[in-house]
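The values are calculated or read from the model by the stated rules, or taken from the named source; none is laboratory data. In this text, all values refer to a predicted model and were calculated from it rather than measured experimentally. Counting neighbours? That spans all protein chains shown, and the Cβs are built from the backbone with ideal geometry, glycine included.
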């Protein structure tokens, strides 16, 4: 088991990363000094695989289990309200602890509920997807979607603990597993060229869920996320690098009403578009762009590019939280392992890039 420390404004917390961590969950929570009721939050799909085991682990402290739909389309204020009302009916007070067992949607909703309910209650993440273990469960970003855009309502609210057990990925469907690999590729591009080279050499092993390869990339990506958010918790500078590919990705998810892409798949397309834009701006070499797009292709086929106009996608990008005074700002690669933040794009070039992606995506 590896312990990774994350610094936050209200103190620090740990990511416990390794096989067998789930079995120690009750002991780890007790180590936080928490002696009051535990409320488990998850989805029916995840609970079907892991519910009996998790309830047994927390049998001495569990007050209630609350389940909700974990599709991206259900990550909204309606789900937040329903969850809060179930907490009220279950007797949760301000000393309650939420234990979120699930992927990114469960973690985002539970995090926002924890930040809001009784003006803030305790939160522990038990991520069950690859995306959540390496990215969304770390860093304290919580939030839900509006029809106008992704994650537009939320809060920065760090957990007290993250328990990342790779064994939980054993039941993860292949498509969701591949979705997480795109986020790991992101970490290679933004700051870890060695990780990127490891993925180039060992992608087939990772796709087979080879134990050594999987454990290595989870620990490496989680450590990088922890390093970044410890230095910039609220995205005032350095943390912006984590948005590589996401300005495009959030627009793709929004215009398809969160029903076409898993988040990592949208990020895969977003990284391809960002690489094209960086090459067009003279920031990124064609050779490195080829390495990136080739590695993305090796993960597996992406869902096709949506049949919408470039203008509509740009309108969706305008709703992105990273927009400043109506101006789109992109995180673009300079080389494998280094990106530049706040790059503005010439509208004509941006339109051309989106058309190129649409042309390439229609052939998938």
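Every listed requirement among (1) at pLDDT below 95; (2) assigned to a strand (DSSP E or B); (3) surrounded by 19 or more Cβ atoms within 10 Å (Cβ to Cβ) is met by residue 29 save one, (2).
Scan segment 91-107 and tell me whether some residue there is outside the structural domain of residue 232 (by TED's automatic domain parsing), assigned to a helix (DSSP H, G or I) and either in contact with a strand residue (DSSP E or B) (Cβ under 6 Å, 6 or more places away or on another chain) or at positive phi (or both). Looking through segment 91-107, at least one residue is outside the structural domain of residue 232 (by TED's automatic domain parsing), assigned to a helix (DSSP H, G or I) and either in contact with a strand residue (DSSP E or B) (Cβ under 6 Å, 6 or more places away or on another chain) or at positive phi (or both). When the residues of segment 238-258 are filtered to those that are outside any helix (DSSP H, G or I) and under 16 Å from the mean Cα position of the chain (by Cα), the one that is surrounded by the fewest Cβ atoms within 10 Å (Cβ to Cβ) is 258. I'm checking my understanding of the structure. Among residues of segment 130-149 that are in contact with a helix residue (DSSP H, G or I) (Cβ under 6 Å, 6 or more places away or on another chain) and part of a loop (DSSP other than H, G, I, E, B), which one is surrounded by the fewest Cβ atoms within 10 Å (Cβ to Cβ)? Within segment 130-149, the match that is surrounded by the fewest Cβ atoms within 10 Å (Cβ to Cβ) is 139.
Do the conditions hold for residue 114, that is, is it in a helix (DSSP H, G or I) and surrounded by fewer than 20 Cβ atoms within 10 Å (Cβ to Cβ)? Against the criterion (in a helix (DSSP H, G or I) and surrounded by fewer than 20 Cβ atoms within 10 Å (Cβ to Cβ)), residue 114 does not qualify.
Would you check if there is a residue in segment 293-304 being in contact with a strand residue (DSSP E or B) (Cβ under 6 Å, 6 or more places away or on another chain), surrounded by 21 or more Cβ atoms within 10 Å (Cβ to Cβ) and closer than 16 Å to residue 179 by Cα? For segment 293-304, residues in contact with a strand residue (DSSP E or B) (Cβ under 6 Å, 6 or more places away or on another chain), surrounded by 21 or more Cβ atoms within 10 Å (Cβ to Cβ) and closer than 16 Å to residue 179 by Cα: absent.
For segment 10-26, filtered to residues that are exposed (fewer than 14 other Cβ atoms within 10 Å of the Cβ) and either over 23 Å from residue 217 (Cβ atoms) or in contact with a helix residue (DSSP H, G or I) (Cβ under 6 Å, 6 or more places away or on another chain) (or both), the residue that is modelled with the highest pLDDT is 12. Looking at segment 267-288, is at least one residue crowded, with 24+ Cβ neighbours inside 10 Å, at pLDDT 95 or above, assigned by TED's automatic domain parsing to the domain that holds residue 340 and under 26 Å from residue 171 (Cβ atoms)? Yes, the conditions are met somewhere in segment 267-288. Being closer than 22 Å to residue 319 by Cα and outside the structural domain of residue 240 (by TED's automatic domain parsing) is the requirement here; does residue 152 meet it? It is true that residue 152 is closer than 22 Å to residue 319 by Cα and outside the structural domain of residue 240 (by TED's automatic domain parsing). Considering (1) in a helix (DSSP H, G or I); (2) surrounded by fewer than 23 Cβ atoms within 10 Å (Cβ to Cβ); (3) in contact with a helix residue (DSSP H, G or I) (Cβ under 6 Å, 6 or more places away or on another chain), the lone condition that residue 155 does not fulfil carries the number (1). Any residue at all in segment 289-297 that's assigned to a loop (DSSP other than H, G, I, E, B), farther than 24 Å from residue 141 by Cβ and within 20 Å of the chain's Cα centre (by Cα)? So far as segment 289-297 goes, no, none of its residues is assigned to a loop (DSSP other than H, G, I, E, B), farther than 24 Å from residue 141 by Cβ and within 20 Å of the chain's Cα centre (by Cα). Within segment 158-188, the only residue that satisfies the criterion of being surrounded by fewer than 24 Cβ atoms within 10 Å (Cβ to Cβ), under 19 Å from residue 264 (Cβ atoms) and in contact with a strand residue (DSSP E or B) (Cβ under 9 Å, 6 or more places away or on another chain) is 166.
The residue list 291, 327, 298 contains one member that is at pLDDT below 95 and outside the structural domain of residue 136 (by TED's automatic domain parsing), which is 327.
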